[in-house]
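For reference, the structure is listed below as structure tokens.
We did not get these values from a lab; they are worked out from the coordinates using the rules stated. This structure is a prediction, so every number in the text was calculated from the model and none was measured. Please note: Cβ atoms are built from the backbone with ideal geometry, for glycine as well, and neighbour counts cover all protein chains shown.
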Amino acid sequence: MEAEMKNEEKKVEGVSSSQERNLAMVCHLSSFLMIIVPFGNVLGPLLVWALGREKYPLVDDQGKESMNFQISIAIYSLVSVVLMAVLVGVFLLAVVVLFCLINVIRAAISANNGEKFRYPLCIRLIR
């Protein structure tokens, strides 16, 4: 009887771990909401982080990281738009978008594997 109880506990832990990893992955992938919703790249991770931060430590960590990166990308994009007057901004904005896309995918894969991902060139405003 005790062996069955231990097996059930392991299953519950496995489900929790899987849910935690999936939510951490969604923290990163929800930034693609910017395609549909203005400021969705910040609102998506904020919503997922707010829902899971109390229950899952990985979601708390990766939610903060995703939020910080998306805020950083918004700042870099704004600077690029201002620099469009000098024509450098068009190239710079393309680089920022590609940089964001690649790193969000890398972060989502790492989070799905249960690893903590740190974005490069990220301004960490939320701690």
Fewest-first ranking of 96, 82, using other Cβ atoms within 10 Å as the exposure measure = 82, 96
ask   = Rounded to the nearest 500 deg cm²/dmol, what is the calculated helix-only ellipticity per residue at 222 nm for the chain, with -39500 (n - 2.57) per DSSP H run of length n ≥ 4?
value = -25500 deg cm²/dmol
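Please find the FRET efficiency linking residue 127 to residue 55, where r is the Cβ-Cβ separation and R0 is fixed at 22 Å, and quote it to the nearest 0.05. Present the calculation step by step, with values, prior to reporting the outcome.
Working: r = 20 Å, r/R0 = 0.89.
About 0.65, to the nearest 0.05.
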query = Put a dot 7 Å past each Cα toward the Cβ at residue 112 and residue 84; how far apart are the dots in nm?
reply = 3.3
ask   = Remind me, relative contact order of the chain in percent, using alpha carbon pairs under 8 angstrom and six or more residues apart?
value = 28
task = Counting only GluC sites (Glu not before Pro) that are in a DSSP loop and have at most 14 other C-beta atoms within 10 Å, tell me the longest site-free stretch of the chain.
result = 55-114
key: Cβ-based charge dipole, region 2-112, positive-most Cα from 66, 101, 81   = 81
request  = Mind computing the radius of gyration and Dmax over the alpha-carbon atoms of the chain? Å is fine for both.
outcome  = 17.7, 74
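For residue 121, what charge total do you get from the other residues with a beta carbon under 14 Å from its beta carbon, if Lys and Arg give +1 and Asp and Glu give -1? Kindly include the intermediate steps, with their values, before the conclusion.
Details: positive: 106, 118, 124; negative: 65.
Net of charged neighbours comes to +2.
Could you work out the relative contact order of region 24-91, using alpha carbon pairs under 8 angstrom and six or more residues apart, expressed as a whole percent?
Working: 71 pairs, mean separation 17.1, N = 68.
Reported as a whole number, the value is 25 percent.
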query = Which of the chymotrypsin sites (Phe, Trp or Tyr not before Pro) found in region 35-104 are loop residues per DSSP with 16 or fewer other Cβ atoms within 10 Å of their Cβ?
reply = 39
query = region 72-126: which trypsin sites (Lys or Arg not before Pro) are DSSP loop and have at most 16 other beta-carbon atoms within 10 angstrom?
reply = 116, 118, 124
